[in-house]
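Taken together, the values in this text are just the output of simple stated rules run on the coordinates, not laboratory data. If you're wondering where the values come from, they're calculated on a predicted model, not measured in any experiment. Cβ coordinates were reconstructed from backbone atoms using ideal geometry, including for glycine residues, and neighbour counts include every protein chain displayed.
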Amino acid sequence: MSADLSGGSAQQEGFASLVANGGTLAFNILTNGIGTPTRAAIRRAGADVVDLGADFTFGVASGSVTSGQVAAILNNPGSHTLLVEGPDGSLSGPLTQVAATAAGVNADPLRRNFGDVAVGTRTDPRSVTVSNTADTSFRITAVGIFGADKQQYSLVDDSCAGKTLQSGQSCTFSVRFEPAATGTIRALGVVRSTDPDHPEIRVQLRGNGV
């Protein structure tokens, strides 16, 4: 799906792309003149349907959200709008152009939030599924955790790295969170493959040490 927020295009500010993968909706929004976005949401009939919670940076709102409403949005995009708010105003525009999930290597979910975890304790592993929806096979060359706080996350039960996924096949890996300090702790789970269209997939990892 896409949303033209200001008469622009995919290469200009004020444009949003949204890609559905199962119940996960990944989004990338280029804003125009409203400063660093503070909120983004998909709306219908004047009410929020999906709150696109994200870590916003200057001029860009990107991330992913898992919601049972994704199917309803895909089935009737014309009745939904995308709203992005910033300190200097807001942008909004209708959703258009329904697109199937891009064929190839995909990960679900694209965001893992571990919530509040006591410092010095660790969570149960939470899994991510990597699938191949293309008609040809691809090899998963590497799976890893990156970022300044990567040491507070650990990769476990990785059945993906080094595996060749035939069409329709999938594999999983899991991540465990063990905060060493209080505060919000972020990292990225990265999947690299021989898929030329999706050579690197990033899974956002977030948790709060308390």
Review point. Between Asp116 and Asp197, what length in nm is gained on full extension when 0.36 nm per residue of separation is reduced by their alpha carbon distance?
Key: 25.6 nm
Review point. Lys/Arg Cβ at +1, Asp/Glu Cβ at -1, dipole of the chain taken about the Cα centre: which of Leu82, Gly23, Gly147 is farthest positive-ward?
Key: Gly147
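Taking 2.2 N^0.38 Å as the expected size of a compact globular protein, what ratio does the Cα radius of gyration of the range 93-210 give against it, to two decimals?
Taking the Cα Rg and dividing by 2.2 N^0.38 Å, one obtains 1.16.
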Review point. Where the Cα atoms of the chain are projected onto their three principal axes, how long is each span, largest first, in whole Å?
Key: 45, 45, 28
Exercise for review: For a footprinting-style exposure proxy, rank Val84, Val175, Val156, Val70 by other Cβ within 10 Å, fewest first.
Suggested key: Val156, Val70, Val175, Val84
Practice item. For Thr136 and Val210, calculate 0.36 nm times their separation in residues minus their Cα-Cα distance, and state this gained length in nm to one decimal. Key: 22.1 nm
Study note, to complete from the structure: Candidates Gly189, Gly120, Gly144; GNM for the chain (alpha-carbon contacts under 10 Å) flags as most fluctuating Gly120
**Study point:** Charged-residue dipole, Cβ positions (Lys, Arg, Asp, Glu), the chain about Cα centre, Debye nearest 20
**Key:** 340
